[in-house]
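Notes to accompany the following structure.
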């Protein structure tokens, strides 16, 4: 039974993926255009970004998108550091109170 369900799910996902790749949807509930994906401006913009990210220029991948990536990386690092300190303080308090 599980194998049959997984087979149906895989078939459904493949057909959904193929339809998304073949058509461009411009709304939440209305089908507006059926332009092939390779002809869209969005696809061309994506391919330019992909080429930029794959270029070998000795810059880490998490900093290749410029200022936005630097801010996101530093904020994530700050939040992680604060939470790590908080965890150690909580463990220390548990040990003291026990």
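The values are calculated or read from the model by the stated rules, or taken from the named source; none is laboratory data. Nothing here was measured: the structure is a model prediction, and the numbers come from that model. When we count neighbours, we look across all protein chains shown, and the Cβ atoms used for this are built from the backbone with ideal geometry, even at glycine.
Assorted remarks:
- Residue 88 fulfils the conditions (1) over 22 Å from the mean Cα position of the chain (by Cα); (2) not in a helix (DSSP H, G or I) except for a single criterion, (2).
- Residue within segment 71-79 that is over 30 Å from residue 38 (Cβ atoms), loosely packed, with under 10 Cβ neighbours inside 10 Å and out of contact with any helix residue (DSSP H, G or I) (no Cβ under 6 Å at 6 or more places or on another chain) present: no
- Among the residues of segment 38-46, at least one is loosely packed, with under 10 Cβ neighbours inside 10 Å, modelled with pLDDT of 65 or more, over 23 Å from the mean Cα position of the chain (by Cα) and assigned to a helix (DSSP H, G or I).
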